[in-house]
Amino acid sequence: MASESTLQRQVSRFTQSAAWTPRDALFVAVGVYALWVIATFVFEGRIQTLLRPDATFDRLVYAVVANLLVGTVLAMWVVRRIVAADVVEQVRAGFQSALRTVGGVVVAAAVGLTLYVVQNPPSTDPMVVGNVFAQVLPTSIAEVVVCWVLVGATVEAVLRGRGSNRYLAIGVAIVTASVLFGVYHVAHSPPFNTLSQVVLLTVVGVVTSLVFFLTRDVYATVVFHTMLALTGVTQSLADAGRLGTFTDPVVPLFVVALVAVAVLVAADVGFVRRARGELHA
C-alpha cells in the first residue's frame, strides 16, 4: 500500500504542471528527446525513407509520427507544462511578438539563402530547392523544438536557477543542444548516421544554437536551420542519383510542410501562450 501511495503521488506530481521542479522538467525534456530519436529510427533511418523520393507513404508516416506528433505536438505540450510551472520564461523559450517574429524570419531566410548559394550546391533550380525545403521543414521544426526550445532552454533555466552565471548557463545549453542534435542523426539514413556526419552536424548545431539564443525566436531559427540543411540534403540526393525527381512539384511534400507549420502555430497559440494563464489561475 505504501509503494502504491508513493507511485500515485509521483504520477500526480507529473500531471500537475505547477508541481514540476526544474529537475522534473529536465527529466521529461530528455525523455521526449529519446522518444523522438527512437521514432526517427523506426520510421526513417531503419528503412532509409528520405533516400527514396518515390516512397511517399513512408515519408508521410515518418513526418506525421516522428516529427508532428512526437517532435512537435508532444514536445510543445511539455514546453507548455514547463512554462506554466515557471521553470522557463515564454520569451526565453523562443516565443516572441508577431512583429519581432516576422522580422526574424525575413532576416533568417535571407541569410540562409545566401549561405546556400555560396556553397555551390548541386542545384539552384527554384523547384528543386522548394521541394527539398518542403521535405526538410517538418524535420527542422521538430529538431528546433526538441533540441533547442525544449531541452536547450530548460538546461539554461535549470543552471540559472542553481545560481550559475548567465553566460555559463547559455554556453552549456548551446553545447547540450548541439551535441544532442548531432547524436540524433545516428537514427537517420546514410550518410547522416556516420561518425563524421554526426561531428559535422554537431558543428552545424552550434550555428543554429547561436541563432536561437541570439534571436530567442523559434520561427526564425526553424527557417535558418532548414536553409542550413538544404545543401546536405540536396547533395545526398544528387549522390544517390535521385535529385531529378524533384524538378517537378511534389505536392505531398508541400502539403505536409504546410500542415507542420500549422501544427507549430496551433501548438504555440494553444499550448505555450496560454501557459502563463495556467500559472496565475
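The values are calculated or read from the model by the stated rules, or taken from the named source; none is laboratory data. No experiment lies behind these values; they were computed from the predicted model shown. Backbone-built Cβ (ideal geometry, glycine too); neighbour counts: all protein chains shown. Protein only, heavy atoms only, side chains kept; ligands, DNA and RNA dropped before computing areas. Shrake-Rupley method; radii C 1.70, N 1.55, O 1.52, S 1.80 Å.
When you check residue 234 against the structure, is it surrounded by 22 or more Cβ atoms within 10 Å (Cβ to Cβ), of a type outside the set (A, V, I, L, M, F, W, C) and modelled with pLDDT under 95, yes or no?
Values: surrounded by 22 or more Cβ atoms within 10 Å (Cβ to Cβ): yes; of a type outside the set (A, V, I, L, M, F, W, C): yes; modelled with pLDDT under 95: yes.
Spelling it out, residue 234 is indeed surrounded by 22 or more Cβ atoms within 10 Å (Cβ to Cβ), of a type outside the set (A, V, I, L, M, F, W, C) and modelled with pLDDT under 95.
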Determine which single condition residue 177 fails, assuming it passes every other condition in (1) modelled with pLDDT of 95 or more; (2) open to solvent by 40 Å² or more (accessible area, probe 1.4 Å). (2)
Does the range 245-272 hold any residues that are over 21 Å from residue 66 (Cα atoms) and touching a helix residue (DSSP H, G or I) at 6+ places or on another chain (Cβ under 9 Å), and which are they? 245, 246, 247, 248, 249
With the structure loaded, tell me whether residue 73 is modelled with pLDDT of 75 or more, under 14 Å from residue 145 (Cα atoms) and open to solvent by less than 40 Å² (accessible area, probe 1.4 Å) or whether it fails that test. no
Taking residue 274 as the residue in question, decide whether it is basic (Lys, Arg) and open to solvent by 40 Å² or more (accessible area, probe 1.4 Å). yes
Examine the range 63-83 for a residue that is more than 22 Å from residue 223 (Cα to Cα) and assigned to a loop (DSSP other than H, G, I, E, B), and state whether such a residue exists. no
Between residues in the range 49-74 that are closer than 18 Å to residue 184 by Cβ and residues that are surrounded by 17 or more Cβ atoms within 10 Å (Cβ to Cβ) and among the aromatic types (Phe, Trp, Tyr), which pairs lie under 7 Å by C-beta distance while being six or more apart or on different chains? 49/43; 49/62; 62/43; 65/43; 66/36; 66/43; 70/36; 71/36
In this structure, does residue 223 turn out to be under 25 Å from residue 126 (Cα atoms), surrounded by 18 or more Cβ atoms within 10 Å (Cβ to Cβ) and within 14 Å of the chain's Cα centre (by Cα)? yes
Does residue 211 meet the test of being surrounded by fewer than 15 Cβ atoms within 10 Å (Cβ to Cβ), under 20 Å from residue 79 (Cα atoms), modelled with pLDDT of 95 or more and β-branched (Val, Ile, Thr)? no
